[in-house]
Amino acid sequence: MGREPGAGGGGSGIGGAMNLELLESFGQNYPEEADGTLDCISMALTCTFNRWGTLLAVGCNDGRIVIWDFLTRGIAKIISAHIHPVCSLCWSRDGHKLVSASTDNIVSQWDVLSGDCDQRFRFPSPILKVQYHPRDQNRVLVCPMKSAPVMLTLSDSKHVVLPVDDDSDLNVVASFDRRGEYIYTGNAKGKILVLKTDTQDLVASFRVTTGTSNTTAIKSIEFARKGSCFLINTADRIIRVYDGREILTCGRDGEPEPMQKLQDLVNRTPWKKCCFSGDGEYIVAGSARQHALYIWEKSIGNLVKILHGTRGELLLDVAWHPVRPIIASISSGVVSIWAQNQVENWSAFAPDFKELDENVEYEERESEFDIEDEDKSEPEQTGADAAEDEEVDVTSVDPIAAFCSSDEELEDSKALLYLPIAPEVEDPEENPYGPPPDAVQSSLTDEGLGSEKKRQSSSDGPQAPKKKPKTTNIELQGVPNDEVHPLLGVKGDGKSKKKQAGRPKGSKGKDKDSPFKPKLYKGDRGSLPLEGAAKGKVQAELGQPLPAGGAISELL
(Lines give C-alpha, C1' and ligand atoms only; values in the text may rest on other atoms or scores of the structure.)
Protein backbone atom coordinates (compact mmCIF):
# COMPACT_ATOMS: atom_id res chain seq x y z
CA MET A 1 0.00 0.00 0.00
CA GLY A 2 1.36 3.39 -0.84
CA ARG A 3 4.94 3.57 -1.94
CA GLU A 4 7.83 1.23 -1.21
CA PRO A 5 8.05 0.68 2.60
CA GLY A 6 11.21 2.63 3.35
CA ALA A 7 9.81 5.71 1.70
CA GLY A 8 10.16 7.79 4.82
CA GLY A 9 13.86 8.46 4.49
CA GLY A 10 16.49 6.22 2.97
CA GLY A 11 16.38 2.53 2.31
CA SER A 12 13.66 -0.06 2.40
CA GLY A 13 13.25 -3.64 3.56
CA ILE A 14 16.12 -5.12 5.56
CA GLY A 15 18.47 -2.34 4.48
CA GLY A 16 16.28 0.14 6.38
CA ALA A 17 18.14 -0.48 9.64
CA MET A 18 21.55 -0.24 7.95
CA ASN A 19 20.63 3.08 6.40
CA LEU A 20 19.69 4.61 9.74
CA GLU A 21 23.25 5.88 9.94
CA LEU A 22 22.54 7.98 6.86
CA LEU A 23 19.27 9.36 8.18
CA GLU A 24 20.89 12.45 9.66
CA SER A 25 19.46 13.85 6.50
CA PHE A 26 20.48 16.99 4.69
CA GLY A 27 17.20 18.79 5.10
CA GLN A 28 14.19 18.94 7.35
CA ASN A 29 13.40 15.91 9.44
CA TYR A 30 9.62 15.95 9.32
CA PRO A 31 7.04 14.47 6.96
CA GLU A 32 5.60 16.57 4.15
CA GLU A 33 2.90 14.52 2.44
CA ALA A 34 0.52 11.57 2.72
CA ASP A 35 2.14 8.21 1.97
CA GLY A 36 -0.73 5.73 1.86
CA THR A 37 -2.96 4.16 4.50
CA LEU A 38 -3.10 0.96 6.54
CA ASP A 39 -6.57 -0.60 6.51
CA CYS A 40 -7.14 -2.84 9.52
CA ILE A 41 -10.53 -4.10 8.20
CA SER A 42 -12.07 -3.15 11.55
CA MET A 43 -12.04 0.47 12.75
CA ALA A 44 -8.72 1.62 14.21
CA LEU A 45 -8.84 3.70 17.41
CA THR A 46 -5.30 3.91 18.76
CA CYS A 47 -1.78 3.06 17.53
CA THR A 48 1.74 2.86 18.88
CA PHE A 49 5.18 1.98 17.45
CA ASN A 50 7.57 -0.39 19.16
CA ARG A 51 10.91 1.04 20.28
CA TRP A 52 12.61 0.52 16.90
CA GLY A 53 9.68 1.45 14.67
CA THR A 54 9.67 -1.97 12.99
CA LEU A 55 6.18 -2.92 14.23
CA LEU A 56 3.04 -0.81 14.64
CA ALA A 57 0.31 -2.05 17.00
CA VAL A 58 -3.20 -0.78 16.23
CA GLY A 59 -6.10 -1.15 18.67
CA CYS A 60 -9.48 -1.61 16.98
CA ASN A 61 -13.15 -1.02 17.64
CA ASP A 62 -13.96 -4.75 17.71
CA GLY A 63 -11.38 -5.45 20.45
CA ARG A 64 -8.66 -6.78 18.16
CA ILE A 65 -5.02 -5.68 18.16
CA VAL A 66 -3.56 -5.65 14.64
CA ILE A 67 0.25 -5.69 14.47
CA TRP A 68 1.69 -4.30 11.22
CA ASP A 69 5.19 -5.01 9.95
CA PHE A 70 6.07 -1.43 9.17
CA LEU A 71 8.83 -2.21 6.67
CA THR A 72 6.64 -4.34 4.42
CA ARG A 73 3.42 -2.51 5.35
CA GLY A 74 1.66 -5.85 5.85
CA ILE A 75 -0.24 -7.35 8.77
CA ALA A 76 2.12 -9.57 10.79
CA LYS A 77 -0.32 -10.68 13.51
CA ILE A 78 -3.86 -10.18 14.74
CA ILE A 79 -4.60 -10.72 18.45
CA SER A 80 -8.27 -11.11 19.39
CA ALA A 81 -7.67 -9.24 22.60
CA HIS A 82 -10.88 -7.78 23.99
CA ILE A 83 -14.63 -7.85 23.48
CA HIS A 84 -14.94 -4.08 23.69
CA PRO A 85 -12.96 -1.40 21.80
CA VAL A 86 -9.23 -1.11 22.56
CA CYS A 87 -8.57 2.39 23.91
CA SER A 88 -4.87 2.32 24.87
CA LEU A 89 -1.76 0.29 23.95
CA CYS A 90 1.89 0.20 24.99
CA TRP A 91 4.88 -1.96 23.94
CA SER A 92 7.33 -3.34 26.48
CA ARG A 93 10.93 -2.24 26.11
CA ASP A 94 12.10 -5.51 24.52
CA GLY A 95 9.05 -5.71 22.22
CA HIS A 96 7.95 -9.16 23.46
CA LYS A 97 4.91 -7.91 25.39
CA LEU A 98 1.99 -5.56 24.78
CA VAL A 99 -0.28 -4.09 27.43
CA SER A 100 -3.75 -3.02 26.33
CA ALA A 101 -6.83 -1.41 27.87
CA SER A 102 -10.39 -1.69 26.59
CA THR A 103 -13.49 0.40 27.22
CA ASP A 104 -14.94 -2.26 29.55
CA ASN A 105 -12.28 -1.32 32.15
CA ILE A 106 -9.99 -4.31 31.56
CA VAL A 107 -6.18 -4.08 31.29
CA SER A 108 -4.42 -7.11 29.74
CA GLN A 109 -0.83 -8.11 29.05
CA TRP A 110 -0.17 -10.05 25.82
CA ASP A 111 2.66 -12.22 24.63
CA VAL A 112 3.31 -10.83 21.14
CA LEU A 113 4.82 -14.01 19.64
CA SER A 114 2.15 -16.45 20.83
CA GLY A 115 -0.78 -14.01 21.01
CA ASP A 116 -1.68 -15.39 24.45
CA CYS A 117 -2.94 -13.28 27.35
CA ASP A 118 -0.56 -13.43 30.33
CA GLN A 119 -2.88 -11.77 32.85
CA ARG A 120 -5.79 -9.38 33.22
CA PHE A 121 -6.79 -6.63 35.62
CA ARG A 122 -10.36 -5.36 36.00
CA PHE A 123 -10.79 -1.76 37.14
CA PRO A 124 -13.96 -0.07 38.46
CA SER A 125 -13.80 2.81 35.96
CA PRO A 126 -12.73 3.22 32.30
CA ILE A 127 -9.01 3.37 31.49
CA LEU A 128 -7.66 6.47 29.77
CA LYS A 129 -4.05 5.30 29.37
CA VAL A 130 -1.69 2.38 30.04
CA GLN A 131 2.10 2.68 29.94
CA TYR A 132 4.95 0.27 30.65
CA HIS A 133 7.80 1.46 32.84
CA PRO A 134 10.48 2.39 30.23
CA ARG A 135 13.14 0.21 31.88
CA ASP A 136 11.17 -2.35 33.93
CA GLN A 137 8.40 -4.21 32.12
CA ASN A 138 7.16 -5.66 35.40
CA ARG A 139 5.52 -2.31 36.19
CA VAL A 140 2.62 -0.69 34.36
CA LEU A 141 1.14 2.77 34.95
CA VAL A 142 -2.65 2.92 34.57
CA CYS A 143 -4.77 6.08 34.48
CA PRO A 144 -8.41 5.24 35.32
CA MET A 145 -11.14 7.88 34.92
CA LYS A 146 -12.09 9.85 38.06
CA SER A 147 -9.31 8.14 40.00
CA ALA A 148 -5.74 8.63 41.12
CA PRO A 149 -3.23 6.87 38.79
CA VAL A 150 -2.37 3.28 39.70
CA MET A 151 0.96 1.49 39.30
CA LEU A 152 0.59 -2.28 38.75
CA THR A 153 3.29 -4.82 39.54
CA LEU A 154 2.69 -7.69 37.12
CA SER A 155 4.73 -10.39 38.86
CA ASP A 156 2.60 -10.42 42.03
CA SER A 157 -0.56 -8.66 40.64
CA LYS A 158 -0.26 -5.97 43.33
CA HIS A 159 -1.04 -2.30 42.80
CA VAL A 160 -0.11 1.05 44.34
CA VAL A 161 -2.40 4.09 44.16
CA LEU A 162 -0.27 7.19 43.54
CA PRO A 163 -0.70 10.23 45.80
CA VAL A 164 -2.60 13.19 44.31
CA ASP A 165 -2.54 16.89 45.11
CA ASP A 166 -6.24 17.33 45.78
CA ASP A 167 -8.51 14.43 46.75
CA SER A 168 -11.55 16.27 45.42
CA ASP A 169 -10.02 16.59 41.94
CA LEU A 170 -9.41 13.09 40.56
CA ASN A 171 -9.27 13.94 36.84
CA VAL A 172 -5.59 13.00 36.83
CA VAL A 173 -3.28 12.11 33.92
CA ALA A 174 0.16 10.59 34.48
CA SER A 175 3.29 9.51 32.62
CA PHE A 176 6.68 7.97 33.33
CA ASP A 177 9.61 10.17 32.40
CA ARG A 178 12.03 8.97 29.72
CA ARG A 179 13.86 6.47 31.94
CA GLY A 180 11.08 5.77 34.42
CA GLU A 181 12.86 7.32 37.42
CA TYR A 182 9.96 9.71 38.03
CA ILE A 183 6.21 9.79 37.41
CA TYR A 184 4.66 13.11 36.40
CA THR A 185 0.96 13.60 37.24
CA GLY A 186 -1.32 16.50 36.30
CA ASN A 187 -4.86 17.33 37.44
CA ALA A 188 -7.77 19.49 36.26
CA LYS A 189 -6.51 22.44 38.31
CA GLY A 190 -3.22 22.63 36.43
CA LYS A 191 -1.08 21.14 39.22
CA ILE A 192 1.85 18.96 38.16
CA LEU A 193 3.41 16.60 40.71
CA VAL A 194 6.73 14.80 40.17
CA LEU A 195 6.92 11.55 42.17
CA LYS A 196 9.89 9.23 42.64
CA THR A 197 8.78 6.00 40.97
CA ASP A 198 10.18 3.57 43.56
CA THR A 199 8.97 5.35 46.71
CA GLN A 200 6.13 7.58 45.38
CA ASP A 201 7.72 10.48 47.29
CA LEU A 202 6.97 13.99 46.03
CA VAL A 203 10.20 15.56 44.70
CA ALA A 204 8.88 18.55 42.72
CA SER A 205 5.63 20.31 41.85
CA PHE A 206 4.39 23.38 40.00
CA ARG A 207 1.16 24.85 38.67
CA VAL A 208 0.45 25.61 35.01
CA THR A 209 -1.20 29.03 34.89
CA THR A 210 -2.67 31.08 32.06
CA GLY A 211 -1.10 34.51 32.35
CA THR A 212 -2.42 35.63 35.74
CA SER A 213 -3.46 33.20 38.46
CA ASN A 214 -6.06 31.34 36.38
CA THR A 215 -5.38 27.63 36.12
CA THR A 216 -6.06 25.27 33.24
CA ALA A 217 -6.75 21.53 33.20
CA ILE A 218 -3.94 19.17 32.18
CA LYS A 219 -5.04 16.93 29.29
CA SER A 220 -1.83 14.95 28.70
CA ILE A 221 1.90 14.78 29.51
CA GLU A 222 4.31 13.43 26.85
CA PHE A 223 8.08 12.87 27.05
CA ALA A 224 10.66 12.97 24.27
CA ARG A 225 12.57 9.76 23.50
CA LYS A 226 15.84 11.71 23.55
CA GLY A 227 16.85 14.53 25.86
CA SER A 228 15.04 15.67 29.01
CA CYS A 229 12.17 17.65 27.47
CA PHE A 230 8.48 16.98 27.94
CA LEU A 231 5.30 18.71 26.85
CA ILE A 232 2.03 19.42 28.59
CA ASN A 233 -1.20 19.68 26.59
CA THR A 234 -3.72 21.80 28.50
CA ALA A 235 -7.35 22.82 28.11
CA ASP A 236 -6.36 26.42 27.22
CA ARG A 237 -5.18 25.08 23.81
CA ILE A 238 -1.51 25.86 24.47
CA ILE A 239 1.21 23.19 24.35
CA ARG A 240 3.94 24.04 26.87
CA VAL A 241 7.40 22.49 26.53
CA TYR A 242 9.52 22.16 29.67
CA ASP A 243 12.98 20.86 30.53
CA GLY A 244 12.69 18.05 33.08
CA ARG A 245 16.01 18.98 34.72
CA GLU A 246 14.76 22.48 35.47
CA ILE A 247 11.58 21.08 37.04
CA LEU A 248 13.62 18.91 39.43
CA THR A 249 15.91 21.84 40.24
CA CYS A 250 12.96 24.10 41.12
CA GLY A 251 11.66 21.53 43.62
CA ARG A 252 8.28 21.72 45.33
CA ASP A 253 5.95 24.59 44.41
CA GLY A 254 8.51 25.82 41.90
CA GLU A 255 7.76 28.27 39.12
CA PRO A 256 9.57 26.94 36.06
CA GLU A 257 9.14 28.80 32.78
CA PRO A 258 8.24 26.76 29.69
CA MET A 259 10.92 26.62 26.96
CA GLN A 260 8.21 27.03 24.33
CA LYS A 261 4.50 27.78 24.16
CA LEU A 262 2.96 26.36 20.99
CA GLN A 263 -0.55 27.21 19.79
CA ASP A 264 -2.68 27.96 16.76
CA LEU A 265 -3.36 31.66 17.26
CA VAL A 266 -5.55 31.98 14.17
CA ASN A 267 -8.07 29.17 14.70
CA ARG A 268 -7.55 28.59 18.46
CA THR A 269 -7.35 24.85 17.74
CA PRO A 270 -7.77 22.46 20.69
CA TRP A 271 -5.30 19.54 20.56
CA LYS A 272 -6.38 15.90 20.64
CA LYS A 273 -2.93 14.28 20.84
CA CYS A 274 0.64 15.64 20.91
CA CYS A 275 4.00 13.89 20.71
CA PHE A 276 7.69 14.47 19.99
CA SER A 277 9.61 13.31 16.94
CA GLY A 278 12.04 10.41 17.42
CA ASP A 279 15.01 12.76 17.85
CA GLY A 280 13.01 15.14 20.08
CA GLU A 281 13.60 18.11 17.75
CA TYR A 282 10.03 18.44 16.46
CA ILE A 283 6.59 18.33 18.04
CA VAL A 284 3.44 17.21 16.25
CA ALA A 285 -0.06 18.00 17.50
CA GLY A 286 -3.29 16.61 16.07
CA SER A 287 -6.29 18.91 15.97
CA ALA A 288 -9.37 17.87 17.95
CA ARG A 289 -11.64 19.51 15.35
CA GLN A 290 -10.43 18.00 12.07
CA HIS A 291 -7.83 15.67 10.54
CA ALA A 292 -4.96 18.18 10.61
CA LEU A 293 -1.42 17.74 11.98
CA TYR A 294 0.63 20.76 13.06
CA ILE A 295 4.42 20.34 13.25
CA TRP A 296 6.66 22.76 15.18
CA GLU A 297 10.43 22.93 15.55
CA LYS A 298 11.10 22.62 19.28
CA SER A 299 14.24 24.74 19.50
CA ILE A 300 12.73 27.83 17.81
CA GLY A 301 9.03 27.22 18.37
CA ASN A 302 8.09 28.00 14.76
CA LEU A 303 5.33 26.17 12.90
CA VAL A 304 7.04 24.38 10.00
CA LYS A 305 4.21 22.33 8.46
CA ILE A 306 0.48 21.67 8.55
CA LEU A 307 -0.60 18.31 7.12
CA HIS A 308 -4.25 18.14 6.10
CA GLY A 309 -6.18 14.87 5.96
CA THR A 310 -9.64 14.28 4.52
CA ARG A 311 -12.11 17.05 5.32
CA GLY A 312 -14.79 16.31 7.86
CA GLU A 313 -12.87 13.51 9.59
CA LEU A 314 -12.06 13.59 13.30
CA LEU A 315 -8.57 12.67 14.47
CA LEU A 316 -8.26 9.97 17.14
CA ASP A 317 -4.55 9.31 17.61
CA VAL A 318 -1.09 10.40 16.39
CA ALA A 319 2.25 8.54 16.67
CA TRP A 320 5.68 9.64 15.37
CA HIS A 321 8.05 6.90 14.19
CA PRO A 322 10.94 6.46 16.70
CA VAL A 323 13.79 6.85 14.16
CA ARG A 324 12.35 8.17 10.90
CA PRO A 325 10.48 11.27 9.77
CA ILE A 326 7.19 9.34 9.52
CA ILE A 327 3.90 10.01 11.34
CA ALA A 328 0.94 7.63 11.72
CA SER A 329 -2.45 9.23 12.39
CA ILE A 330 -5.89 7.66 12.86
CA SER A 331 -9.19 9.08 11.63
CA SER A 332 -12.43 7.39 10.53
CA GLY A 333 -11.02 4.02 11.56
CA VAL A 334 -8.09 4.13 9.11
CA VAL A 335 -4.36 4.63 9.84
CA SER A 336 -2.83 7.29 7.57
CA ILE A 337 0.94 7.40 7.02
CA TRP A 338 2.73 10.72 6.45
CA ALA A 339 6.29 10.74 5.10
CA GLN A 340 8.85 12.80 3.21
CA ASN A 341 8.66 13.26 -0.51
CA GLN A 342 11.31 11.05 -2.12
CA VAL A 343 13.20 12.75 -4.94
CA GLU A 344 15.48 10.59 -7.07
CA ASN A 345 19.01 11.88 -6.75
CA TRP A 346 21.24 10.11 -9.26
CA SER A 347 24.37 11.83 -8.03
CA ALA A 348 24.06 9.81 -4.83
CA PHE A 349 25.15 6.66 -6.69
CA ALA A 350 28.75 7.79 -7.32
CA PRO A 351 30.73 10.47 -5.52
CA ASP A 352 32.00 12.16 -8.73
CA PHE A 353 28.77 11.75 -10.69
CA LYS A 354 27.44 14.97 -12.21
CA GLU A 355 24.01 15.53 -13.68
CA LEU A 356 24.19 17.56 -16.89
CA ASP A 357 21.43 19.64 -18.41
CA GLU A 358 22.81 19.06 -21.91
CA ASN A 359 25.58 17.13 -23.63
CA VAL A 360 29.10 18.36 -22.98
CA GLU A 361 32.17 17.45 -25.05
CA TYR A 362 34.55 15.48 -22.85
CA GLU A 363 38.29 16.06 -23.08
CA GLU A 364 40.29 12.95 -22.33
CA ARG A 365 43.36 13.23 -20.07
CA GLU A 366 46.68 12.08 -21.52
CA SER A 367 47.09 9.03 -19.26
CA GLU A 368 43.45 8.35 -18.48
CA PHE A 369 43.29 4.90 -20.10
CA ASP A 370 46.93 3.81 -19.53
CA ILE A 371 47.52 0.60 -17.58
CA GLU A 372 49.87 2.48 -15.26
CA ASP A 373 49.21 6.13 -14.66
CA GLU A 374 52.51 7.96 -15.30
CA ASP A 375 51.16 11.24 -13.92
CA LYS A 376 50.22 9.81 -10.52
CA SER A 377 52.15 11.44 -7.71
CA GLU A 378 54.22 9.40 -5.23
CA PRO A 379 52.47 10.39 -1.95
CA GLU A 380 49.17 9.02 -3.26
CA GLN A 381 50.79 5.65 -3.95
CA THR A 382 52.14 5.34 -0.42
CA GLY A 383 48.72 6.23 0.94
CA ALA A 384 47.09 3.54 -1.21
CA ASP A 385 49.66 0.95 -0.11
CA ALA A 386 48.99 1.79 3.53
CA ALA A 387 45.25 1.34 2.99
CA GLU A 388 45.86 -2.07 1.36
CA ASP A 389 47.78 -3.32 4.39
CA GLU A 390 45.08 -2.26 6.83
CA GLU A 391 42.80 -5.12 7.87
CA VAL A 392 39.10 -4.38 7.57
CA ASP A 393 36.83 -5.96 10.16
CA VAL A 394 33.88 -7.40 8.25
CA THR A 395 32.56 -9.80 10.93
CA SER A 396 31.68 -7.80 14.03
CA VAL A 397 28.43 -5.81 13.97
CA ASP A 398 28.45 -2.27 15.31
CA PRO A 399 25.34 -1.31 17.30
CA ILE A 400 23.08 1.16 15.53
CA ALA A 401 23.28 4.41 17.47
CA ALA A 402 19.62 5.23 16.80
CA PHE A 403 18.56 2.05 18.63
CA CYS A 404 20.67 2.67 21.76
CA SER A 405 19.85 4.96 24.64
CA SER A 406 22.48 7.49 25.70
CA ASP A 407 23.37 5.36 28.73
CA GLU A 408 23.72 2.15 26.71
CA GLU A 409 26.50 0.92 24.46
CA LEU A 410 24.94 -2.23 23.06
CA GLU A 411 21.58 -3.04 21.54
CA ASP A 412 19.16 -5.40 23.29
CA SER A 413 20.05 -8.86 21.97
CA LYS A 414 16.67 -10.36 22.97
CA ALA A 415 14.65 -7.62 21.30
CA LEU A 416 11.71 -8.62 19.13
CA LEU A 417 12.06 -6.48 16.01
CA TYR A 418 10.08 -8.59 13.55
CA LEU A 419 7.38 -11.24 13.78
CA PRO A 420 7.86 -14.57 12.00
CA ILE A 421 4.99 -15.42 9.66
CA ALA A 422 4.22 -19.12 9.33
CA PRO A 423 2.71 -20.35 6.05
CA GLU A 424 -0.91 -21.45 6.37
CA VAL A 425 -1.35 -25.11 5.39
CA GLU A 426 -4.91 -25.62 4.18
CA ASP A 427 -5.04 -29.43 4.31
CA PRO A 428 -2.24 -30.93 6.42
CA GLU A 429 -3.40 -34.51 5.59
CA GLU A 430 -2.01 -34.14 2.08
CA ASN A 431 1.51 -34.63 3.42
CA PRO A 432 1.79 -38.44 3.79
CA TYR A 433 5.30 -38.38 5.31
CA GLY A 434 4.82 -35.84 8.11
CA PRO A 435 3.52 -36.49 11.62
CA PRO A 436 -0.23 -36.08 12.29
CA PRO A 437 -1.46 -32.46 12.50
CA ASP A 438 -1.93 -32.60 16.27
CA ALA A 439 1.71 -33.59 16.79
CA VAL A 440 2.87 -30.83 14.45
CA GLN A 441 0.81 -28.31 16.36
CA SER A 442 2.14 -29.35 19.75
CA SER A 443 5.75 -29.48 18.57
CA LEU A 444 5.42 -26.03 17.04
CA THR A 445 4.16 -24.54 20.25
CA ASP A 446 6.83 -26.35 22.26
CA GLU A 447 9.79 -25.51 20.05
CA GLY A 448 8.96 -22.23 18.31
CA LEU A 449 7.76 -20.56 21.46
CA GLY A 450 10.06 -22.41 23.82
CA SER A 451 11.95 -19.42 25.14
CA GLU A 452 8.77 -17.39 25.51
CA LYS A 453 7.01 -20.13 27.43
CA LYS A 454 10.04 -20.60 29.67
CA ARG A 455 10.02 -16.92 30.45
CA GLN A 456 6.29 -17.00 31.13
CA SER A 457 6.52 -20.08 33.33
CA SER A 458 9.37 -18.59 35.32
CA SER A 459 7.36 -15.46 36.06
CA ASP A 460 3.81 -16.82 36.24
CA GLY A 461 4.45 -20.37 37.40
CA PRO A 462 4.00 -23.44 35.17
CA GLN A 463 1.01 -23.11 32.86
CA ALA A 464 -0.50 -24.86 29.88
CA PRO A 465 -0.39 -22.99 26.56
CA LYS A 466 -4.11 -22.15 26.54
CA LYS A 467 -4.79 -21.83 30.26
CA LYS A 468 -7.26 -19.07 31.11
CA PRO A 469 -5.30 -16.01 32.19
CA LYS A 470 -5.49 -14.88 35.79
CA THR A 471 -7.86 -11.94 36.30
CA THR A 472 -7.26 -9.58 39.22
CA ASN A 473 -9.94 -7.18 40.40
CA ILE A 474 -8.48 -3.80 41.36
CA GLU A 475 -10.51 -2.17 44.14
CA LEU A 476 -10.26 1.63 44.21
CA GLN A 477 -11.95 3.53 47.04
CA GLY A 478 -14.47 6.22 46.15
CA VAL A 479 -14.22 5.68 42.38
CA PRO A 480 -17.60 5.73 40.58
CA ASN A 481 -18.29 2.49 38.68
CA ASP A 482 -20.87 3.85 36.25
CA GLU A 483 -18.52 6.01 34.16
CA VAL A 484 -18.60 5.73 30.35
CA HIS A 485 -15.33 5.87 28.42
CA PRO A 486 -14.88 9.11 26.40
CA LEU A 487 -14.37 7.03 23.25
CA LEU A 488 -17.93 5.74 23.55
CA GLY A 489 -19.30 9.20 24.16
CA VAL A 490 -17.82 10.91 21.10
CA LYS A 491 -20.60 12.18 18.89
CA GLY A 492 -20.63 12.03 15.14
CA ASP A 493 -17.89 9.51 14.44
CA GLY A 494 -20.23 6.54 14.10
CA LYS A 495 -18.25 4.33 16.45
CA SER A 496 -20.67 4.17 19.33
CA LYS A 497 -23.59 3.07 17.13
CA LYS A 498 -21.46 0.40 15.48
CA LYS A 499 -20.28 -0.82 18.85
CA GLN A 500 -23.77 -1.30 20.22
CA ALA A 501 -24.78 -3.21 17.13
CA GLY A 502 -21.74 -5.46 17.56
CA ARG A 503 -21.58 -7.17 20.93
CA PRO A 504 -23.85 -5.56 23.51
CA LYS A 505 -23.62 -8.33 26.09
CA GLY A 506 -20.51 -7.11 27.90
CA SER A 507 -21.97 -3.73 28.86
CA LYS A 508 -24.83 -4.86 31.07
CA GLY A 509 -24.85 -4.98 34.81
CA LYS A 510 -23.11 -1.71 35.49
CA ASP A 511 -24.37 0.73 32.89
CA LYS A 512 -27.61 1.49 34.70
CA ASP A 513 -27.37 5.19 33.90
CA SER A 514 -25.55 4.75 30.61
CA PRO A 515 -26.90 6.95 27.81
CA PHE A 516 -26.57 3.98 25.46
CA LYS A 517 -28.96 1.67 27.27
CA PRO A 518 -32.21 2.87 25.67
CA LYS A 519 -30.66 2.64 22.20
CA LEU A 520 -29.09 -0.72 22.95
CA TYR A 521 -32.33 -2.59 23.61
CA LYS A 522 -34.78 -0.48 21.61
CA GLY A 523 -37.56 -2.74 20.36
CA ASP A 524 -35.85 -5.71 21.96
CA ARG A 525 -36.91 -5.59 25.59
CA GLY A 526 -37.52 -9.34 25.62
CA SER A 527 -33.80 -10.01 25.52
CA LEU A 528 -33.15 -8.47 28.91
CA PRO A 529 -34.69 -11.21 31.13
CA LEU A 530 -33.17 -13.83 28.84
CA GLU A 531 -29.75 -12.34 29.35
CA GLY A 532 -30.34 -12.22 33.09
CA ALA A 533 -31.32 -15.89 32.98
CA ALA A 534 -28.11 -16.71 31.12
CA LYS A 535 -26.12 -14.92 33.79
CA GLY A 536 -27.96 -16.83 36.51
CA LYS A 537 -27.26 -20.09 34.74
CA VAL A 538 -23.55 -19.39 34.54
CA GLN A 539 -23.58 -18.35 38.18
CA ALA A 540 -25.26 -21.59 39.14
CA GLU A 541 -22.71 -23.64 37.19
CA LEU A 542 -19.80 -21.87 38.79
CA GLY A 543 -21.38 -21.82 42.22
CA GLN A 544 -20.31 -18.22 42.84
CA PRO A 545 -21.64 -14.76 41.97
CA LEU A 546 -20.11 -13.01 39.01
CA PRO A 547 -18.56 -9.54 39.30
CA ALA A 548 -20.51 -6.86 37.50
CA GLY A 549 -19.39 -5.80 34.06
CA GLY A 550 -17.79 -7.73 31.26
CA ALA A 551 -17.12 -10.94 33.22
CA ILE A 552 -20.02 -12.86 31.70
CA SER A 553 -18.81 -12.06 28.23
CA GLU A 554 -15.55 -13.84 28.98
CA LEU A 555 -17.33 -16.93 30.21
CA LEU A 556 -19.85 -17.26 27.38
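Structure summary
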{"quantity": "Under-5 Å amide H pairs with residue 234, H placed in peptide plane, nonlocal only", "calculated": "219, 240"}
{"quantity": "Carbon and sulfur %, accessible surface of the range 144-258 computed with the full protein complex present, 1.4 Å", "calculated": "45 percent"}
{"quantity": "Relative contact order computed over the range 192-344 (Cα-Cα under 8 Å; 6+ residues apart), in percent", "calculated": "14 percent"}
{"quantity": "Charge context of residue 146, other residues only, Cβ under 11 angstrom, K/R +1, D/E -1", "calculated": "-3"}
{"quantity": "Cut-off 11 Å between beta-carbons: net charge of the residues surrounding residue 99, Lys and Arg +1, Asp and Glu -1", "calculated": "+3"}
{"quantity": "Three-way shape call for the range 157-227 based on the alpha-carbon gyration tensor, with the a/c threshold at 1.5", "calculated": "oblate"}
{"quantity": "For the range 216-328, accessible area per residue (1.4 Å probe, heavy atoms of protein chains only), Å²", "calculated": "41 Å²"}
{"quantity": "For the range 20-142: relative contact order, % (alpha-carbon pairs under 8 angstrom, 6 or more apart)", "calculated": "16 percent"}
{"quantity": "Taking the range 71-203 and dividing mean pair separation by its residue count, relative contact order in percent (alpha carbons under 8 Å, at least six apart)", "calculated": "14 percent"}
{"quantity": "Inter-label distance for residue 135 and residue 334, nm, one decimal - labels placed 7 Å from Cα along Cα-to-Cβ", "calculated": "4.3 nm"}
{"quantity": "Debye log10 I(q)/I(0) for the range 34-139, one point scatterer per Cα, at q = 0.10, 0.14, 0.24 Å⁻¹", "calculated": "-0.25, -0.49, -1.41"}
{"quantity": "Unsatisfied cross-links (Cα-Cα over 21 Å) in the set 196/298; 272/298; 97/191", "calculated": "196/298; 97/191"}
{"quantity": "Local electrostatic count at residue 273 - Lys and Arg +1, Asp and Glu -1, tallied over other residues with Cβ under 14 Å", "calculated": "+3"}
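The values are calculated or read from the model by the stated rules, or taken from the named source; none is laboratory data. Here the structure is a predicted model, which means the values were calculated and not measured. Every residue, glycine among them, receives a Cβ derived from its backbone with ideal geometry; neighbour counts consider all protein chains shown. Ligands, DNA and RNA are stripped out before the accessible areas are found, and what is left, the full protein with its side chains, is counted by its heavy atoms. Shrake-Rupley method; radii C 1.70, N 1.55, O 1.52, S 1.80 Å.
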